[in-house]
């Protein structure tokens, strides 16, 4: 009798935990929110153990893959199940996927029911160029940082228009939904299960990443600034058909660089973000303007050393 009561109690608690996860107001905040706020006032942060890391990444020519708005399939290991959901807190899409944004079938989630920059749709643009000169100096989030990034990335459409992103006029010295390590980080796992970056991307070893404020241009004319820019050199996360992999499909033996102009506007003082499509100047086949740039560079020359 006691065993059956204990089992029933456990079952009720298990079911209620799923309900609680969906309804509790606390879950709207990312789990790292207090950590980030605590570090945002630090005025004298430590440097990296072993000293600053200098990174250069270049691509001289070749095609680039440009992501188009798509419905992202949800990895059950990352997002859980309707009975026990995971990764639903924080700014939607940036840090988690709210339950109302998930389609489900039976006892599993299937995909996001809204489009995002993360999925299987893409196009190839030509004459991709990338130049990055960066320093990872500051170890943690802080009020100020010695991290630096000078980046110029460009690509062309079939009509010969040149699109460009320049960064960084200022580094995101601390995060909002997750830490940014002073704006530049090296040798860490991001996204997926990590809790740092959107879980819509798979967990990926990241050799170098940055967050900073930059500008979006077309044919040399600035269309949108300031914009939050995120870039990262990672393990290869696309499959042979260029579908965005889940964790089990990541290729550790290859690397590529991702660049995204985030379709959100950050309010660093109030630790919040609001939806804000990027003026990319590129019209999709449906006549609408692409609301973000998410561009992948594959033909890279990479160098790094400690200063």
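Just wondering, is there one or more residues in the stretch 254-268 that are surrounded by 17 or more Cβ atoms within 10 Å (Cβ to Cβ), modelled with pLDDT of 95 or more, part of a loop (DSSP other than H, G, I, E, B) and under 15 Å from the mean Cα position of the chain (by Cα)?
Yes, the stretch 254-268 contains a residue that is surrounded by 17 or more Cβ atoms within 10 Å (Cβ to Cβ), modelled with pLDDT of 95 or more, part of a loop (DSSP other than H, G, I, E, B) and under 15 Å from the mean Cα position of the chain (by Cα).
Which numbered condition in (1) in contact with a strand residue (DSSP E or B) (Cβ under 8 Å, 6 or more places away or on another chain); (2) within 20 Å of residue 194 (Cα to Cα); (3) in contact (Cβ under 8 Å) with a residue 12 or more places away in the chain is the only one that residue 98 fails?
Going through the list (1) in contact with a strand residue (DSSP E or B) (Cβ under 8 Å, 6 or more places away or on another chain); (2) within 20 Å of residue 194 (Cα to Cα); (3) in contact (Cβ under 8 Å) with a residue 12 or more places away in the chain, residue 98 breaks only (3).
Give the residues of the stretch 179-190 that are surrounded by 24 or more Cβ atoms within 10 Å (Cβ to Cβ) and in a loop (DSSP other than H, G, I, E, B), sorted by residue number.
180
Within the stretch 86-103, can one find any residue that is surrounded by fewer than 16 Cβ atoms within 10 Å (Cβ to Cβ), over 16 Å from the mean Cα position of the chain (by Cα) and in a loop (DSSP other than H, G, I, E, B)?
no
When the stretch 273-307 is examined, which residues are found to be outside any loop (DSSP other than H, G, I, E, B), within 16 Å of the chain's Cα centre (by Cα) and either crowded, with 20+ Cβ neighbours inside 10 Å or touching a residue at least 24 places away in the same chain (Cβ under 8 Å) (or both)?
Residues satisfying the conditions are 273, 293, 294, 295, 296, 297.
Quick one: which residue in 135, 123 is at pLDDT 95 or above and closer than 30 Å to residue 50 by Cβ?
135
Checking the condition in contact (Cβ under 8 Å) with a residue 40 or more places away in the chain, surrounded by 14 or more Cβ atoms within 10 Å (Cβ to Cβ) and part of a strand (DSSP E or B), which residue from 56, 114, 145, 110 passes?
56
Given the options 231, 197, 214, name the one that is assigned to a loop (DSSP other than H, G, I, E, B), out of contact with any helix residue (DSSP H, G or I) (no Cβ under 9 Å at 6 or more places or on another chain) and surrounded by 22 or more Cβ atoms within 10 Å (Cβ to Cβ).
Sole residue among the options that is assigned to a loop (DSSP other than H, G, I, E, B), out of contact with any helix residue (DSSP H, G or I) (no Cβ under 9 Å at 6 or more places or on another chain) and surrounded by 22 or more Cβ atoms within 10 Å (Cβ to Cβ): 197.
Take residue 158 and decide whether it is surrounded by fewer than 18 Cβ atoms within 10 Å (Cβ to Cβ), under 21 Å from residue 120 (Cβ atoms) and over 14 Å from the mean Cα position of the chain (by Cα).
Spelling it out, it is not the case that residue 158 is surrounded by fewer than 18 Cβ atoms within 10 Å (Cβ to Cβ), under 21 Å from residue 120 (Cβ atoms) and over 14 Å from the mean Cα position of the chain (by Cα).
Residue 151: over 24 Å from residue 62 (Cβ atoms), crowded, with 16+ Cβ neighbours inside 10 Å and either under 19 Å from the mean Cα position of the chain (by Cα) or modelled with pLDDT under 95 (or both), yes or no?
So residue 151 does not fit the description; no.
The values are calculated or read from the model by the stated rules, or taken from the named source; none is laboratory data. What you see is a predicted model; the values in this text were computed from it and never measured. So basically every Cβ, Gly included, is an ideal-geometry build from the backbone, and we count neighbours across all protein chains shown.
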